[in-house]
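Asker: Please read through the structure below; I'll follow up with questions.
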Amino acid sequence: SLFIFISSFTFYFLRFLVFISGFIFYFPPKRRGHDNCPDTNLVKKQTIFSNFSLCGIDPTPYTALICKLGVGLYWWNRQPSLISILLAPKTKQRYAAIGGGSPLRRITEEQADALRTALEAKNLHANVYVGMRYWYPFMEEAIQQIKRDRIMKLVVLPLFPQFSITTTGSSIRVLQRIFMDNAYLSRLPVSIIRFWYRRQGYIRSIADSIVTQLSKFEKPEEVLIFFSAHGVPVSYVENAGDPYKNQIEECIYLIMRELKARGARNDHTLAYQSRVGPVQWPKPYTNEVLVELGWKGVKSLLAVPISYVSEHIETLEEIDMGYKDLALKSGIKNWGRVPALGCTSSFITDLADAVVEALPSAKALSILRETAKESDCR
Ligand SMILES: C=CC1=C(C)c2cc3[nH]c(cc4nc(cc5[nH]c(cc1n2)c(C)c5CCC(=O)O)C(CCC(=O)O)=C4C)c(C)c3C=C
Ligand SMILES: [Fe+2]
């Protein structure tokens, strides 16, 4: 325990030094309110690694305590860290290449509107709040609004089809931390949809989109369907029990089964993209596989980003620019890409069904927390 305490202390001292260095070298843009907030996502890049907690996992059990000792977690988690400062120039260039900012917030707000309308069509009159983990509007802000509105029941719908500790798990953790500190929130019945890639509506919507894109090739039957999933550190999968990799594989199996049922006989493959930092990522890597496929003589390829439901930097820049260039240079002649589902109506209707189905199981988070402790949302 003494050892843990000393290492925690050292960690937070180093963290403090990095935080100070962040202020010396970089001044984040001031927040100017939602409507004119610069959605360049540069700040997100600069805060995403904050607290040295890679992807939202706190490295010590003392975080909550330390934050209560005068440094609010909300503020603490928004300070730039060294690694993010180092990455900033490259990130700035990448966002410049897609028009100077991420469309993610706009698309998410459109999805929220479409979901509200789809719920109304099902006679459910609900408020839909958008809360983001690393950018405005932050989850904390959405929760403040929920508190003000004194809603009666809450369904949490992560916009990630598959569960990962780094995405949905990290968001649930924030939610639990805030909810348990407040009397109204801790009693509010909540239902969390932890993943939804098995839903027929989602699988069918992706399959529809793949069929549409295949039909644009001269010889659709010869096209290789290339699933590109976002990677997560291997240690999360192997040591922390992140179900993400298994869920990705099952998701692809379900999509291919749907395509086969519709008569498609295309080959398919899976690779992992967006590697960050020196940690090991699940293999094979998207860039390496593309080169290999080119060498092997694959001529037509349809890229299917499988971890997202909105266009953003990893589809518009990483896939459409980086991987496409690499594929063409490696000998692949015909390139296509399935767009993210965005506001596709069959998809939004299915999400609305998921919300309706989740309502009856809503329970106060104080009860859910016990279940979460035993599960994978650490
Ligand atoms: C170790 C770091 C990261 C892991 C693991 C990770 C997992 C992960 N992320 C998404 C989806 C998105 N990530 C986005 C941005 C983003 N993510 C990381 C790091 C990790 N993500 C960084 C550093 C950033 C900043 C942007 C960048 O430079 O790439 C976004 C938003 C991008 C936008 O344009 O708005 C999404 C969406 C998934 C699905 C995932 C694992 C399952
Ligand atoms: Fe990410």
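The values are calculated or read from the model by the stated rules, or taken from the named source; none is laboratory data. In this text the structure is predicted, and so the values were computed from the model without any measurement. So basically every Cβ, Gly included, is an ideal-geometry build from the backbone, and we count neighbours across all protein chains shown. The accessibility values were calculated without ligands, DNA or RNA, using every heavy atom of the protein model including side chains. Shrake-Rupley method; radii C 1.70, N 1.55, O 1.52, S 1.80 Å.
Asker: Out of all the residues in region 327-345, which are within 21 Å of the chain's Cα centre (by Cα) and either open to solvent by less than 50 Å² (accessible area, probe 1.4 Å) or without any contact (Cβ under 8 Å) to a residue 60 or more places away in the chain (or both)?
Answerer: If the condition is that a residue be within 21 Å of the chain's Cα centre (by Cα) and either open to solvent by less than 50 Å² (accessible area, probe 1.4 Å) or without any contact (Cβ under 8 Å) to a residue 60 or more places away in the chain (or both), then Arg337, Val338, Ala340, Leu341, Gly342 are the ones that fit.
Asker: Condition check: touching an Asp or Glu at 6+ places or on another chain (Cβ under 9 Å), basic (Lys, Arg) and modelled with pLDDT under 95. Does Arg177 satisfy that? Please lay out each step first, then the result.
Answerer: Working: touching an Asp or Glu at 6+ places or on another chain (Cβ under 9 Å): no; basic (Lys, Arg): yes; modelled with pLDDT under 95: yes.
Criteria not met by Arg177.
Asker: If I ask for residues that are within 16 Å of ligand 2 (Cβ to nearest atom), open to solvent by less than 10 Å² (accessible area, probe 1.4 Å) and assigned to a strand (DSSP E or B), which ones from region 198-249 would you list?
Answerer: Hits for region 198-249 are Ser228, Ala229.
Asker: What number of residues within region 316-337 are β-branched (Val, Ile, Thr) and more than 18 Å from Val304 (Cβ to Cβ)?
Answerer: Let us first name the residues in region 316-337 that are β-branched (Val, Ile, Thr), namely 319, 332.
Restricting the remaining residues to those that are more than 18 Å from Val304 (Cβ to Cβ) gives none.
Here the count works out to 0.
Asker: Quick one: how many residues across region 165-185 are farther than 16 Å from Met132 by Cα, assigned to a helix (DSSP H, G or I) and either within 16 Å of ligand 1 (Cβ to nearest atom) or open to solvent by 20 Å² or more (accessible area, probe 1.4 Å) (or both)?
Answerer: Selection size over region 165-185: 3.
Asker: Right, next: When only residues in region 293-321 that are outside any loop (DSSP other than H, G, I, E, B) and more than 20 Å from the chain's Cα centre (by Cα) count, which is surrounded by the most Cβ atoms within 10 Å (Cβ to Cβ)?
Answerer: For region 293-321, the residue satisfying everything is Leu301.
Asker: Follow-up question, since we're still on this one. Scan region 277-292 residue by residue and report those that are within 16 Å of ligand 2 (Cβ to nearest atom) and in a helix (DSSP H, G or I).
Answerer: Thr286
Asker: Okay, next question. Would you check if there is a residue in region 264-276 being open to solvent by 30 Å² or more (accessible area, probe 1.4 Å), of a type in the set (Lys, Arg) and either touching a strand residue (DSSP E or B) at 6+ places or on another chain (Cβ under 7 Å) or in a helix (DSSP H, G or I) (or both)? Write out each step before concluding.
Answerer: Taking region 264-276 and keeping what is open to solvent by 30 Å² or more (accessible area, probe 1.4 Å), we get 265, 267-270, 275-276.
Remaining after also requiring of a type in the set (Lys, Arg): 265, 275.
Okay, now just the ones that are also either touching a strand residue (DSSP E or B) at 6+ places or on another chain (Cβ under 7 Å) or in a helix (DSSP H, G or I) (or both), so 275.
Scanning region 264-276 turns up at least one residue that is open to solvent by 30 Å² or more (accessible area, probe 1.4 Å), of a type in the set (Lys, Arg) and either touching a strand residue (DSSP E or B) at 6+ places or on another chain (Cβ under 7 Å) or in a helix (DSSP H, G or I) (or both).
Asker: Separate question: Just one of the numbered conditions (1) open to solvent by 10 Å² or more (accessible area, probe 1.4 Å); (2) touching a Phe, Trp or Tyr at 6+ places or on another chain (Cβ under 6 Å); (3) not in a helix (DSSP H, G or I) is not true of Lys324; which one?
Answerer: Result: Lys324 fails condition (3) only.
Asker: Within the group Glu311, Glu258, which residue is within 22 Å of Lys216 (Cα to Cα), touching a residue at least 12 places away in the same chain (Cβ under 8 Å) and within 16 Å of ligand 2 (Cβ to nearest atom)? Walk me through it before giving the result.
Answerer: Numbers: Glu258 fails: within 16 Å of ligand 2 (Cβ to nearest atom).
Exactly one residue qualifies, and that residue is Glu311.
Asker: Tally the residues that are farther than 14 Å from Ile313 by Cβ and either part of a loop (DSSP other than H, G, I, E, B) or in contact with a helix residue (DSSP H, G or I) (Cβ under 6 Å, 6 or more places away or on another chain) (or both), restricting the search to region 89-114.
Answerer: Residues meeting the conditions: 1.
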